[in-house]
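These notes concern the structure reproduced below.
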Amino acid sequence: MIPHTLGTLRQYSAAISASLSVFIIGNWLAWPSSAVKDILSGQTKLTVSSEEVSWAVALLDFGNIISPIPSSYISDWIGRKMTLVIMSFALFSTWLLTIFGTNAYYLYIARLIVGFCKGICFTVVPIYLGEIASTNIRGGVGTIFCGLMNYGILYELCLGPLVSYETLNILSSPFPIIFFLLFFRFPESPYFYLMKGRSAEAQMSLAWFRNLKEDSSELDREMKQISVNVEEDMKDKGGFKDLLSNAGARKAMLIAMSLAFFQRLTGMSSILAFSVVTLPPTGGYFSPEVYMLLFGITTIVGQSICVILIDKFGRKPLLIVSTAGCALSTGISGLFYWLNTSTDLTHYNWVPYSCIILFGIMFAIGIGTIPSVICVELFSSDIRSYAASAAAMFYALGSFITNKLYLYVHLTIGVHYMFLFFTVSSLVCLVFTCTVFFETSGKSFSEIQDILKNRGTNDQP
């Protein structure tokens, strides 16, 4: 019992350290909520127009779209760990650019680098977490990825309103260094070592993560299972074309990419970026900035609930509850904004504030957390990095679409149409989950591949 407990602690420690990279991405996702206001009001040394600010914000999504494909090749070439370690230096440079920058081009370069690093994080971190985790805790370990991003968002939402632009950047800059110092000490994924034919190092890595002696029978059994899986996967080394090469792979792609795309279409990116503009200025008892802080807290609460329940009740029930809750919250918000165009609803201004809190927790318990776990589980090791790259591109594409549409629709035909779009997207995802998605909880990678190859839909954990 003690070896297993210590092994679990080691896996969670490695997962938290690796996911600190995503904490930094969360910092940058929430950074505009405070920084843009200071920049446009002339409270910084930057001389930047509103058009240049919009480009700086958008360039993160552009960098995110172009980086997943090369990052999949890099992580298969030099390893999951080394890819993330090298990335820490790039992330540190982005804060230096904002601290010492004097014009828009510094922000352009910083946001583009962050977007590139975001694509790497969303590709490599879920793979690393999935490959180091034991089957019985793989779901919980995988959800740490989204949890740390939510903490990064909350950090900026808490700090931004209290300090100046320059202080915000300075207080955000140490985290890439902390990430490097903590993560560098953990082993590489045993799967990567086996992919490279380095079986002795793979056994040492697995022994460390499981806290077992290298000559133990339990370790030997798991090593043999992983070796067989990797050997079978590597017989015909995969590429992007293999993501659609057979019925099983196509079904895995349909499930993983759809969930990644729907995650963004439910409205999270736009709600995070524009709610301070959209929410009624009065009637919510607190300011919009305070409610955004509460929103950040609820996403952490929801993600914590997901960590506790994902391996106990499974992925599918949480996705069903989550998408239904997201549809309910955005649907009520959309109805409020529609009625508010022709009726004075000042006394009911608390409604959209309540809905954004409900959306935060409903999003985080399922659709905001589980897709990154599913993407790792559904694909064999030879094409897992390519699948993660494709998913990262779908995340970025969904964010780009909703963020670019939001302000245009808001200013031209009414924001209620965007909330209708979010609601329909959540409902479609709900139907998709009920009819196409199958339960992966408690199943090994090889068992999941058997289900896909046999076109099974066994939902029993």
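The values are calculated or read from the model by the stated rules, or taken from the named source; none is laboratory data. Bear in mind that the values here come from a model prediction, so they are computed numbers and not experimental data. Cβ placement follows ideal geometry from the backbone for every residue including glycine, while neighbour counts extend to all protein chains displayed. The protein model used for the area step is the full one, side chains on, heavy atoms only, and it has no ligands, DNA or RNA in it. Shrake-Rupley method; radii C 1.70, N 1.55, O 1.52, S 1.80 Å.
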Test: residue in region 169-183 that is in contact (Cβ under 8 Å) with a residue 12 or more places away in the chain, outside any helix (DSSP H, G or I) and open to solvent by 30 Å² or more (accessible area, probe 1.4 Å): no
First in region 147-166 and under 21 Å from S269 (Cβ atoms) and in a helix (DSSP H, G or I), second anywhere and open to solvent by 10 Å² or more (accessible area, probe 1.4 Å) and among the β-branched types (V, I, T), Cβ under 6 Å, 6 or more apart: N150/I300
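From the list G331, G302, G284, pick out the single residue that is touching a Ser or Thr at 6+ places or on another chain (Cβ under 9 Å), modelled with pLDDT of 85 or more and more than 21 Å from F23 (Cα to Cα).
That would be G331, the only listed residue that is touching a Ser or Thr at 6+ places or on another chain (Cβ under 9 Å), modelled with pLDDT of 85 or more and more than 21 Å from F23 (Cα to Cα).
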Lone unmet requirement of (1) in contact (Cβ under 8 Å) with a residue 24 or more places away in the chain; (2) buried (at least 21 other Cβ atoms within 10 Å of the Cβ) for L206: (1)
Residues within region 115-135 that are over 18 Å from A18 (Cβ atoms) and of a type in the set (A, V, I, L, M), tallied: 0
Listing of helices (runs of 4 or more DSSP H) fully contained in region 1-106 that carry 2 or more residues being open to solvent by 10 Å² or more (accessible area, probe 1.4 Å) and under 30 Å from E222 (Cβ atoms): 2-40, 68-78, 80-100
Tabulated pairs, region 211-232, first at negative phi and touching a residue at least 60 places away in the same chain (Cβ under 8 Å), second aliphatic (A, V, I, L, M) and buried (at least 17 other Cβ atoms within 10 Å of the Cβ), C-beta under 7 angstrom, 6+ apart or interchain: L212/L219; V230/L194; V230/M195
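For (1) among the β-branched types (V, I, T); (2) at pLDDT 85 or above, each residue gets a yes or a no:
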position	(1), (2)
G368	no, yes
V376	yes, no
L411	no, no
Y417	no, yes
L427	no, yes
I448	yes, yes
N458	no, no
Long-range neighbours under 8 Å by Cβ, at least six apart or interchain, first residue surrounded by 16 or more Cβ atoms within 10 Å (Cβ to Cβ) within region 409-436, second among the charged types (D, E, K, R): T433/K316
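So which residues in region 282-303 are open to solvent by 40 Å² or more (accessible area, probe 1.4 Å) and aliphatic (A, V, I, L, M)? Steps first, answer last, please.
Of all residues in region 282-303, those open to solvent by 40 Å² or more (accessible area, probe 1.4 Å) come to 282, 285-287, 289-290, 293-294, 297, 301.
The answer is V290, L293, L294, I297, V301.
Taking only region 131-160 into account, find how many residues are among the hydroxyl-bearing types (S, T, Y) and more than 23 Å from R210 (Cα to Cα).
Taking region 131-160 first, the residues among the hydroxyl-bearing types (S, T, Y) are 134-135, 143, 151, 155.
Retained after the next criterion (residues that are more than 23 Å from R210 (Cα to Cα)): 151, 155.
Qualifying residue count, region 131-160: 2.
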